Structure formats: structure tokens, C-alpha cells
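Undergrad: Submitted below is the structure of interest, expressed as C-alpha cells.
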Amino acid sequence: MSAKNKKKSTPPAAAPAIAANIESHMVENRVFKPAKEFAKKAHVSSMDEYRSLWKKSVRNPEKFWGGLARELDWRKKWKQVLEWKAPFAKWFIGGKLNVAENCLDRHLHGPKKNKAAIIWEGEPGESRTLTYAQLHREVCRFANVLKRNKVKKGDRVLIYMPMIPEAAIAMLACARIGAIHSVVFGGFSAESIKDRANDSGATCIVTADGGYRRGAIVPLKHNVDAALKDGSTKVKHVIVFRRAHNEVHIEEGRDVWWHRELEYVSAVCPAVEMDSEDPLFILYTSGSTGKPKGILHTTAGYLLGAYVTTKYVFDLRPDDIYWCTADVGWITGHSYLVYGPLANGATSIMYEGAPNWPESDRFWKIIADHGVTILYTAPTAIRAFIKWGDQWPARHDLTSLRLLGTVGEPINPEAWMWYHQKIGGGRCPIVDTWWQTETGAIMITPLPGATPTKPGTATLPFFGIDAAIVDDAGNEVGPNEGGKLVVRKPWPSMLRAVWGDKARYKEAYWSEFKKQGFYFTGDGARRDKDGYFWIVGRIDDVLNVAGHRLGTAEIESALVSHESVAEAAVVGCPDEIKGQGVAAFVTLKTGQTPTDKLKEELRKHVANAIGPIAKPDQIRFADALPKTRSGKIMRRLLKQIASGQTVTGDTTTLEDFSILARLQSTEE
Ligand code: WTA
């Protein structure tokens, strides 16, 4: 790669502001072309090839996806590629297949049988390798354990696990027998488990006694007990993996140990024949209002999206050691730690713990020890690495790396440059990949052998993806004009539903451009003169904290559920490492005194209700919140106050001007 144009860009803010007016003032002139050596071996090796393939793919998506779907293993071929009755899509109608079979069984008949599927490292330092044959065996055994615990096709199973191979084994075992998994991130609280168990109607939870994080044990089983305490869920079976050997309560008749159950089952478990459109999993994600949405993904389309994007975006080669650092609790962990790499027969690294344990070079040590060739991580992690200092990566040999990726939020160009130079040694292409829980797979991304990259942009749409930026009327805007990011045509790995809530599915994604039938992403963006997409950020009330989506409404209701709180408004504020932080404006009930102790208590309260990632960074007590005459909280003003800016713009609808003066004088 070479910097074609070394002219410096105007330095961007630590993270792009979530602009209410979808404007971006960032100018970036550096361009990095793929090196010839890289391009030569790549699946797609020139822009001409990309452009002609892309054009063909969006002109006739059915032909394009139908062609690629042949690379999967089908029990029965589909009759029709797509049925699109906006906003409901069905892909590969009549097709029958099994996801676990595609990720495991089909690799057992050739040289991949004894290839490493998962190389795992625990935080304390132990390591395990599972070959495809071994992983297959473990999945079959655990699928039989699920059956023993009365799990049938279509049942929902919650998976609340540390980052250990058993998390992937549990997911694949569900897929094997047709159960629908819903992975709950191990950092979420008991309250979050309960909500998800109730919403999904899960009958079984797979968990562990604990998991290691920064030297401490995360009490997973204890949280499950707390979630089930009030008896409101339908959970009848809890399967507990022994990981941390901490003491846990085992409830007679409900809880069983994973290792004990294995004694009763065989290693033979035929995969259930699933319909293309049978549900594969539900993953909860935050929206702008109320409780998290259960995003539903189905069998064939999702698998195809994960498989194809992993192959092309990471330009997989047979001997790659691929590492996606995301937790299985997020969509990135689903598509690019488990399903995508395994469907490709790749070797995937999995690491249990924190990047700075026992020291700040853990990631670099893992890369050197295992000869990692592809690293896929998040901008928030990169910013933390920069802060910790260059001496940490410098201690290790990182020359095995050949490709880098980022996901989760816009990457600020300076972080991109650091990643490129300090980690990639100036030689590795960077794929900045834009996508969402709802899209299932990567949507906008460079292809590393073809696309010239510019720091800070996810560049161009993947094959078959008709992404565009439109104004409120749905018309495409011109170069460098801000607008709303939409997808104009359905794609195989798109969400099919919000679990149990058809109205919300329509409202959240398809109401904005109902007439046109466009999918609305909730993101604001612009395209530059080369057509590259620059994502500005969310335009709804969703925060992106360290690459994780948090609904402001969720945090507000957590705050209001505290006995001292009368009203709360949550907005984002700039944060050097996390991109966005959480700022809460809180009014107290009469008679309550605003103290630092109460601030701390409220922070803990939010952590208990949602999880530590949602803890407010700032809490400001106010005697009232700025509202319009019709009673709407004026978030724009609060955002400005939380970012330490002077309040500007129109305040004529503000009900009481004195509130503003008082709010600005409240100190964090
Ligand atoms: C943001 C994560 C800029 C975006 C896979 C999106 C990004 C939300 C990028 C989805 C990127 C993700 N550049 N912004 N490369 N990747 N986002 O559902 O706002 O956790 O809508 O999926 O993250 O977050 P989610």
C-alpha cells in the first residue's frame, strides 16, 4: 500500500459528532491503494472487476445470490430465490439445509477434517484447539444434551456464556436441532436476562459458573439465578458449564452440569432438515424507544450472507489464522467469529478476556503466539491501544498479519492511521466494514485487493447491496450532501422480523420510506465525489458507546426506576476512548437531595438494570429539564450542554428560558 496523496486532513474530533443535521465537515485526502502483491492473490483484484460485478449483482440480485448459494450444502435446492412483498422477504423458497451441517459436517470429508476450527485462549493463559472433527463431535454431543433437556425444534434457548468454545458449541448445537438461540452478552445484568427470557419465551438457558474478565470472575450463573428468581419466565432447564470453579447454587430439578449431562449422551446426532426461512436466532439490540428489539435471522439467507462476506471481505485463504475480537454476544461475534469463518472452513481464534490482562500487550502477544494473519476489531479498542502506548505492540512480532478490519462505529482517521502503521506495519489493507445487527452481514466495505481506501470511510457497497443516501422525500442526494442511509433492495441476510412485534418491525425500519420500500438504517451519511460512504452516526436516539448500541430510552427508564428519580434525559457526549459516552440529566423527587453518593448509586442502578456498559459517565442533577411547549425534551440543547458547548440555535420553543441558564451552570 502506498499513500498516494500525503496531504494532511483537517483533524477530526475524537469521534464524529452525531449530527442532528447530518453534516460532516471532515475532509480526508489520503488514499491507500492495494499493493500489487496483495491484489494478485485476491478473490477480487481490481476496481474494474468490483464495479462490473457489483453492477451485475444489483441489476439482478436474484441471479447473483442464486449463483453464490450453490456454494452452500443443500439437502434440497430452492424453487425460487426471492419473494418480496415489502417489507417481508423470503429467500430461497423451498430450500432445505442445516447451518451446523454447513459449518461442520461438510468439512469432514476432505483435508479440513483435522484443521483447527477454533483456537481458544483463556484469560488466565490456558489454550485449547478444536479441529473440525472435534468441534463436530462436541456439537453433536451437546445437541443431544439439549434434547435431554427437552429442547425441540423452534424452542428458544438463551446462551449466557463467557468467551469459551462452549459458547460456539451451544450455538451450533441449537442450529443442529433447529432450536432458536438468543445469545445474551455476558456483560449484561440479571434484569436483561430476565427481559430477554420473557420476550423470547425461552425454556432453557445455557450458562457457565463464571468467566474470567480482567482477573476477576464474572458470576454468570449467579446472574441467571437472580433473573429466574421471580418465576416470571418459562425457563425450566439451566445447563451449567464448569469454567471458573467458583461456587454456584444448583437448583434441584432445574439446573444440570454440562459435563455430567455428557455422560448420558452419544456423539451421534443427525442434523435436522431446516427450511430456508426457519428461524436461526434472535439477537436483541437497542432501538430508539422502549425495550430492546429481538432481531430475527433465518437459516439460508443469513448463512449465505455470513459465508460470502467472510470469504470476500477478509479475502480468506486456506492457511489464514483469522481473529475477530468481538464477543459472541454481539452480531459481529455471530457472523464473524462463528458462522462466517466456520462456513468457510477457516481457523478462528477466540480469546476469553480483556485486552489489557495481565498487561496491555495481550492482543499483540496472541497475534505473535498464534501467527494471526487477519485481525478484525473495533475503533474503540484501537483508541484504547493508542492511549496505552506504542511500546506494547512494539514488543511483539506482528509480521504474520496481512489484513486488518474494523467495525462498530466510524473510525477516526488518526486511529485508522495508527492501526495502519503500528499494527499493520504499513503493509496491511484495512477493511472498515459498515453493517448492523439487522443486516446480518457486512454491507459497505472495501474489498482488500481492489478498493483504494481512505481513512475513515467504509467505502463502497458489497455485491448485491443497493445502498444509497437520500433526503426525507427518499430522493438520492448529491455528492457530499448529508442524508439518510437506506438500502433500496432486499438482501439475503436481512432481518425478517422483530420477534413477536410486527408493528415495531414495520415502524422501525420500513415506515420512513414506506412508499419506496426502502430499508432505513437509522444512520446519517454522505458520499464523497468517488461515491464513498462516510457514516456520520445515528440520527435516532441511539447511542454508540464503545461500538455498542444503547437506546437512550432504555437508560432513561432504568434511571426513573430508582426511587429518588422523578425524570431523566439521556444524551451522548464525546468520549476519547468510547467514541460516545452516556450523559444523564436527572431531576429528583421532592425531598431528595442531590449528592455525589446518590450519583454513584444511580450509576450502579443503571449497571444493575442493563449492564456496566450503560453506566452514565456524567450525571447532572437539575431542577427541571428543558422542554418544548408541547412537553418534548429538547435533546439538542442537552447534547450541547453535555459536550461543554455553548447552546446555540433556535430556542424559541423552549418553555422556560431560566432552565437553560441553570442547566449550564450545573457541574458534572
Ligand atoms: C454503527 C454492529 C461507521 C452504525 C455490526 C450502525 C458503523 C451501528 C460501522 C450498528 C462502521 C457499525 N462505520 N459506523 N464501519 N459499523 N457502525 O447493530 O451506526 O451493533 O448503525 O452492529 O453501528 O451497530 P450493531
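Undergrad: Can you pull out every residue in the range 339-392 that is assigned to a helix (DSSP H, G or I), over 20 Å from H548 (Cβ atoms) and in contact with a Pro (Cβ under 8 Å, 6 or more places away or on another chain)?
TA: R362, W364
Undergrad: Answer yes or no as to whether V248 is closer than 21 Å to M161 by Cβ and assigned to a loop (DSSP other than H, G, I, E, B).
TA: The answer is yes for V248.
Undergrad: Just to be sure, is A326 among the small types (G, A, S), surrounded by 24 or more Cβ atoms within 10 Å (Cβ to Cβ), in contact with a Ser or Thr (Cβ under 7 Å, 6 or more places away or on another chain) and in contact (Cβ under 8 Å) with a residue 12 or more places away in the chain?
TA: no
Undergrad: Give the residues of the range 150-198 that are in a helix (DSSP H, G or I), touching a Ser or Thr at 6+ places or on another chain (Cβ under 9 Å) and either touching a residue at least 60 places away in the same chain (Cβ under 8 Å) or surrounded by fewer than 24 Cβ atoms within 10 Å (Cβ to Cβ) (or both), sorted by residue number.
TA: Passing the criteria: A168, A175, K194, R196, N198.
Undergrad: Can I ask one more? Report yes if T377 is farther than 18 Å from H420 by Cα and open to solvent by less than 10 Å² (accessible area, probe 1.4 Å), otherwise no.
TA: So T377 fails the test.
Undergrad: A further question on this structure: State all residues of the range 423-436 that are buried (at least 24 other Cβ atoms within 10 Å of the Cβ) and polar (S, T, N, Q); if no residue qualifies, say none.
TA: T433
Undergrad: Here's a follow-up. Specify the residue that is nearest to the ligand (Cβ to nearest atom); the eligible residues are those in the range 296-330 that are out of contact with any strand residue (DSSP E or B) (no Cβ under 6 Å at 6 or more places or on another chain) and within 14 Å of S182 (Cα to Cα).
TA: Out of the qualifying residues, it is W330.
Undergrad: Among the residues of the range 57-115, what is the count of those that are crowded, with 17+ Cβ neighbours inside 10 Å and in a strand (DSSP E or B)?
TA: Qualifying residue count, the range 57-115: 8.
Undergrad: Can you name the residue in the range 496-523 that is closer than 14 Å to I444 by Cβ and near the ligand (Cβ under 10 Å from one of its atoms) and, of all such residues, is surrounded by the fewest Cβ atoms within 10 Å (Cβ to Cβ)?
TA: Within the range 496-523, the match that is surrounded by the fewest Cβ atoms within 10 Å (Cβ to Cβ) is D523.
Undergrad: Then there's this: Residues that are within 30 Å of Y50 (Cβ to Cβ) and open to solvent by 10 Å² or more (accessible area, probe 1.4 Å), at least 2 per element: which strands (runs of 3 or more DSSP E) completely within the range 528-606 meet that?
TA: Correct list: 533-538.
Undergrad: Right, here's the next one. Name every residue in the range 437-462 that is farther than 24 Å from R30 by Cα and open to solvent by 10 Å² or more (accessible area, probe 1.4 Å), in order of residue number.
TA: The one that is farther than 24 Å from R30 by Cα and open to solvent by 10 Å² or more (accessible area, probe 1.4 Å): T437.
Undergrad: When you go through P452, P410 one by one, which is the residue that is within 16 Å of the ligand (Cβ to nearest atom) and farther than 25 Å from S511 by Cα?
TA: None of the others qualify; the one that does is P410.
Undergrad: Further, regarding this structure: Taking the criterion of being surrounded by 24 or more Cβ atoms within 10 Å (Cβ to Cβ), within 15 Å of the ligand (Cβ to nearest atom) and either part of a helix (DSSP H, G or I) or at pLDDT 95 or above (or both), would at least one residue in the range 393-405 satisfy it?
TA: yes
Undergrad: Mind listing whichever residues of the range 629-645 are without any contact (Cβ under 8 Å) to a residue 40 or more places away in the chain and in contact with a strand residue (DSSP E or B) (Cβ under 7 Å, 6 or more places away or on another chain)?
TA: Matches in the range 629-645: M634 only.
The values are calculated or read from the model by the stated rules, or taken from the named source; none is laboratory data. Treat the numbers as computed from the prediction; the structure is a model and nothing was measured. Cβ: placed from backbone, ideal geometry, glycine included. Neighbour counts: every protein chain shown. With ligands, DNA and RNA removed, areas are computed over all heavy atoms of the protein, side chains included. Shrake-Rupley method; radii C 1.70, N 1.55, O 1.52, S 1.80 Å.
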